[in-house]
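Colleague: Before we start, here is the structure in question, set down as structure tokens.
Bear in mind these aren't lab numbers, they're just calculated from the coordinates by the rules spelled out. In this text the structure is predicted, and so the values were computed from the model without any measurement. Note that we place each Cβ from the backbone using ideal geometry, even for glycine, and neighbour counts take in every protein chain shown.
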Amino acid sequence: MVSYRRNYCLGGCYFFTVNLRNRKSKILVEYIELLRCAMRRVQQEQYYEIKSIVILPEHLHCIWQLPSKDANYSQRWKEIKKYFTQGVKQAGVYLEKNNKGEYNLWQRRFWEHTIRDERDFENHVNYIHYNPVKHGYVKRVKDWPYSSFHQYVKNGIILDDWSGIETNEKGVYGE
């Protein structure tokens with residue numbers, strides 16, 4: 001079995017990618033309020049700050065800042081997944097179980113990256129906000145409703161015509 005090494009840093013800032021097992025599912029956006037409730041519930045039980053987030057039909061990306069004396073993001077994700085799964089089950093969604101008796105909703109693991117500095121933070125925020133365009137869900141970042149992009153615009157951090165793509169006088173770099 002592969003040994004996963006996670007970087008646990010007290011008060012750390014982390015980028016996450018969390019996927020559903022079925023990459024063709026749309027359950028995260030179909031039941032967005034249940035996901036929001038699960039995340040808020042865990043925030044109340046084990047505080048963390050969401051710095052940036054995008055929720056797509058079958059996966060999400062986010063950046064969290066943990067409290068100064070806490071590094072346990074794994075427990076938080078476990079609880080979020082549990083509460084969301086319970087919510088969709090209560091909503092009447094049929095979920096199959098695997099041979100271990102676990103629901104086959106979420107991928108077992110998640111991707112985590114410790115944010116190193118301001119530039120790393122900014123690059124990951126840009127990645128998060130541009131992700132719906134990258135996956136072809138929308139043509140403009142501002143057209144995807146399930147993103148912290150809108151809060152960034154409201155707070156005056158970025159403009160609503162921000163694209164996340166660097167351009168030069170000839171157009172997009174790389175073209």
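Colleague: For segment 138-160 and segment 71-133, what is the separation of their Cα centres, given in Å?
Modeller: About 21 Å separates the Cα centre of segment 138-160 from the one of segment 71-133.
Colleague: Tell me, what is the FRET efficiency for E102 and V138 to the nearest 0.05, using R0 = 45 angstrom and their Cβ-Cβ distance as r?
Modeller: 0.85
Colleague: Cα-based count: Lys pairs in segment 41-175 below 27 Å, eight or more positions apart or different chains?
Modeller: Close lysine pairs under the 27 Å cut-off: 29.
Colleague: Still on this structure, please answer the following. When you count, for each residue, the other Cβ atoms within 10 Å and take the mean per peptide, how do 113-119, 85-91 rank with the highest first?
Modeller: For the peptides 113-119, 85-91, the packing ranking is 85-91, 113-119.
Colleague: HN-Hα J couplings of segment 104-109 from phi, Karplus 6.51/-1.76/1.60, θ = phi - 60°, integer Hz, Gly and Pro as x?
Modeller: 8, 8, 9, 5, 5, 10
Colleague: Right, another one. Return the inverse of the average 1/r over all pairs of distinct C-alpha atoms in the chain, which is the Kirkwood hydrodynamic radius, in Å to one decimal.
Modeller: 17.4
Colleague: Kindly state, to the nearest 0.05, the FRET efficiency for Q44 paired with V93, given R0 = 35 Å and r defined as their beta-carbon distance.
Modeller: E(calc), rounded to 0.05, equals 0.90.
Colleague: E30 to T17: extension gain in nm, 0.36 nm per residue of separation minus the Cα-Cα distance?
Modeller: Gain on extension, E30 to T17, equals 2.8 nm.
Colleague: If a paramagnetic tag sat 7 Å from the Cα of D160 along the Cα-Cβ line, which residues of segment 39-69 would have the backbone N under 14 Å from that point?
Modeller: Of the residues in segment 39-69, none has backbone N under 14 Å from the label point off D160.
Colleague: Here is a follow-up. Normalising by the residue count of the chain, find the relative contact order in percent from Cα pairs under 8 Å and 6+ residues apart.
Modeller: 26
Colleague: Please identify every one of the chymotrypsin sites (Phe, Trp or Tyr not before Pro) in segment 92-133 that sits in a loop by DSSP and has no more than 12 other beta carbons within 10 Å of its own beta carbon.
Modeller: Loop-located and lightly packed - Y94.
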